[in-house]
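These notes are about the structure you will find just below.
The values are calculated or read from the model by the stated rules, or taken from the named source; none is laboratory data. All of these numbers come straight from a predicted model, not from anything done at the bench. Cβ placement follows ideal geometry from the backbone for every residue including glycine, while neighbour counts extend to all protein chains displayed. Please note that ligands, DNA and RNA were not included when accessible areas were found on the heavy atoms of the full protein model with its side chains. Shrake-Rupley method; radii C 1.70, N 1.55, O 1.52, S 1.80 Å.
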Amino acid sequence: MSVRFCFCITLIFFLLTDSSYGQVYADTSNLVKRDLIDVFLQMTHWNKLFKPRDSTKINFSLIPVPGSSVGGQEFIVSSINGAFYLGSRTSTNLSTVYFIPYTNFVSRIGFFITPNLWLNENKWNMNGDLRIIGYNLTSYGIGGNSSAKYGDQLNYDYVRVYLNADKKIAGSFYMGLGYSLDDFYNLKEKWSNSFPSDFEKYGIGTGEQTSSSGITFNLLWDNRKNSINPAEGFYSTLIYRINPSWMGNDYKWTSIYFDNRRYFSFSPSRHEVLGLRAFYWGSYGAVPYLNLPGTALEAGAKSGRGYVLARFIGKQMLYTESEFRFDISENGLFGGVFFINAQSYTELATNRFAYILPAVGTGFRIKFNKKSGTNIDLDIAAGKNSFNWYLNLGEYF
């Protein structure tokens with residue numbers, strides 16, 4: 001009960017401190033005077049050969065060979081971000097598309113595509129999460145007290161299609177519909193202990209193939225100008241998903257995802273931003289095991305730095321995070337962050353939140369593209385009996 005109380009207080013804080021409502025905050029990327037592209041063009045003298053960057057319609061950022069340590073099992077081949085405007089820059093938010101192909105060169109291969117598109121004058125927001133992946137995921141059981149000693153390896157192929165279309169109703173408020181597909185197939189478990197695993201005991205969605213096809217009803221509030229690296233603003237989304245039997249589902253279940261983010265800028269001349277995030281993710285009914293909420297399993301996969309992917313799972317999840325972002329160099333090329341997060345899950349037997357799982361970390365930032373505000377992120381984080389490092393393109397929230 002205390003965890004729920006703290007989460008409710010956090011949400012009230014977000015709502016009461018946002019006095020701007022319909023306001024769309026300005027893009028502060030013009031405060032950055034230098035980025036890696038400037039450095040490269042100057043070193044190669046190619047800046048004399050190309051037209052000014054202000055005339056570029058699409059701003060690309062990439063990490064050619066970035067690694068992301070997830071239990072020592074994942075290595076991302078590349079991360080590519082494209083940022084562009086689909087309307088007037090004064091009245092339209094910056095649109096982004098992330099493309100992330102990855103492999104560990106042994107058993108994982110696949111790609112992510114995550115578009116977030118703003119049509120002219122922000123009349124529509126189109127967003128999604130598309131994945132085709134070959135996974136060998138280690139699961140540690142359900143609840144916040146699972147032991148890292150008993151890892152259960154699950155090998156499977158996965159197709160995810162999440163697509164949402166939200167129409168502006170008034171100001172920064174949107175309503176819309178979406179479609180969500182999760183298709184898990186070629187699922188095999190490697191469990192060598194004498195007692196049954198949580199995966200086997202759970203018994204829902206543990207066969208060779210499980211598919212869930214659903215409709216989502218969406219509410220969105222977003223007055224950030226730049227979602228890649230927000231300086232100010234408020235973001236809130238509520239997504240209710242149903243998976244009816246007439247859509248060919250193996251199991252009947254529903255879910256609610258409620259995500260809130262607030263950003264405070266402390267300097268008009270430098271990038272000094274406090275970002276706060278809190279979300280609730282609940283699933284109800286006969287939820288397949290691989291659809292349960294868990295660490296970095298939400299759309300975007302950015303929660304829980306300090307823990308490996310799916311380190312904790314449960315039927316309901318609470319998550320909160322705060323991060324302070326700041327410039328190190330005067331020209332904005334180098335920066336840093338400090339962050340802290342916590343997650344909690346309901347226990348299967350009691351359906352109550354019983355454990356809080358904190359993590360703390362720090363990171364270094366290099367400005368790759370000053371036009372889109374995209375950073376290269378190198379972070380380290382420590383959680384309860386856990387340590388991890390991360391290399392990423394763009395801020396985590």
So which strands (runs of 3 or more DSSP E) stay within segment 357-397 end to end and still have 2 or more residues that are closer than 17 Å to Gly275 by Cα? 357-369, 374-383
If I filter segment 296-312 down to residues being surrounded by 19 or more Cβ atoms within 10 Å (Cβ to Cβ) and of a type in the set (D, E, K, R), which single residue comes out as nearest to the chain's Cα centre (by Cα)? Arg305
Taking interchain pairs and intrachain pairs at least six residues apart, which have beta carbon atoms under 6 angstrom, with the first residue in segment 326-343 and more than 12 Å from Gly363 (Cβ to Cβ) and without any contact (Cβ under 8 Å) to a residue 40 or more places away in the chain and the second among the hydroxyl-bearing types (Ser, Thr, Tyr) and assigned to a strand (DSSP E or B)? Ile340/Ser322; Ala342/Thr320
For segment 148-170, which positions are open to solvent by less than 40 Å² (accessible area, probe 1.4 Å), of a type in the set (Gly, Ala, Ser) and either part of a loop (DSSP other than H, G, I, E, B) or more than 26 Å from Asn122 (Cβ to Cβ) (or both)? Gly151
From Ser194, Ser213, which residue is under 24 Å from the mean Cα position of the chain (by Cα) and more than 23 Å from Val308 (Cβ to Cβ)? Ser213
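The rows are residues; the columns are (1) open to solvent by less than 20 Å² (accessible area, probe 1.4 Å); (2) assigned to a loop (DSSP other than H, G, I, E, B); (3) modelled with pLDDT under 95.
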position	(1), (2), (3)
Met175	no, no, no
Asp182	yes, no, no
Asn193	no, yes, yes
Gly207	no, yes, yes
Ile215	no, no, no
Leu219	no, no, no
Ala231	yes, yes, yes
Ile239	no, no, no
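Among the listed residues Trp118, Trp124, identify the single one that is of a type in the set (Phe, Trp, Tyr), touching a strand residue (DSSP E or B) at 6+ places or on another chain (Cβ under 6 Å) and either in contact (Cβ under 8 Å) with a residue 40 or more places away in the chain or surrounded by fewer than 16 Cβ atoms within 10 Å (Cβ to Cβ) (or both). Steps first, answer last, please.
On the way: Trp118 fails: either in contact (Cβ under 8 Å) with a residue 40 or more places away in the chain or surrounded by fewer than 16 Cβ atoms within 10 Å (Cβ to Cβ) (or both).
Trp124 is the lone residue from the list that is of a type in the set (Phe, Trp, Tyr), touching a strand residue (DSSP E or B) at 6+ places or on another chain (Cβ under 6 Å) and either in contact (Cβ under 8 Å) with a residue 40 or more places away in the chain or surrounded by fewer than 16 Cβ atoms within 10 Å (Cβ to Cβ) (or both).
Taking segment 313-341, which residues are among the aliphatic types (A, V, I, L, M), surrounded by fewer than 22 Cβ atoms within 10 Å (Cβ to Cβ) and out of contact with any helix residue (DSSP H, G or I) (no Cβ under 9 Å at 6 or more places or on another chain)? Reasoning before the result, please.
We begin by selecting, within segment 313-341, every residue among the aliphatic types (A, V, I, L, M); these are 313, 317-318, 328, 333, 337, 340.
Those still in the list that are surrounded by fewer than 22 Cβ atoms within 10 Å (Cβ to Cβ) too: 328, 333, 337, 340.
Residues satisfying the conditions are Ile328, Val337, Ile340.
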Among the listed residues Asn186, Asn136, Asn93, which satisfies the condition of being open to solvent by less than 10 Å² (accessible area, probe 1.4 Å) and more than 17 Å from the chain's Cα centre (by Cα)? Asn93
Please pick out the residue among Ala349, Ala301 that is out of contact with any helix residue (DSSP H, G or I) (no Cβ under 8 Å at 6 or more places or on another chain), more than 25 Å from Asn127 (Cβ to Cβ), outside any strand (DSSP E or B) and at pLDDT below 95. Ala349
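Can you work out which of the residues in segment 242-252 that are touching a residue at least 12 places away in the same chain (Cβ under 8 Å) and surrounded by fewer than 21 Cβ atoms within 10 Å (Cβ to Cβ) is nearest to the chain's Cα centre (by Cα)?
Just the residues of segment 242-252 that are touching a residue at least 12 places away in the same chain (Cβ under 8 Å), to begin with: 242-244, 247-252.
Keeping just the survivors that are surrounded by fewer than 21 Cβ atoms within 10 Å (Cβ to Cβ) gives 242, 244, 247-252.
Working: Ile242: 22, Pro244: 26, Met247: 27, Gly248: 28, Asn249: 26, Asp250: 27, Tyr251: 26, Lys252: 26 Å.
Result: Ile242.
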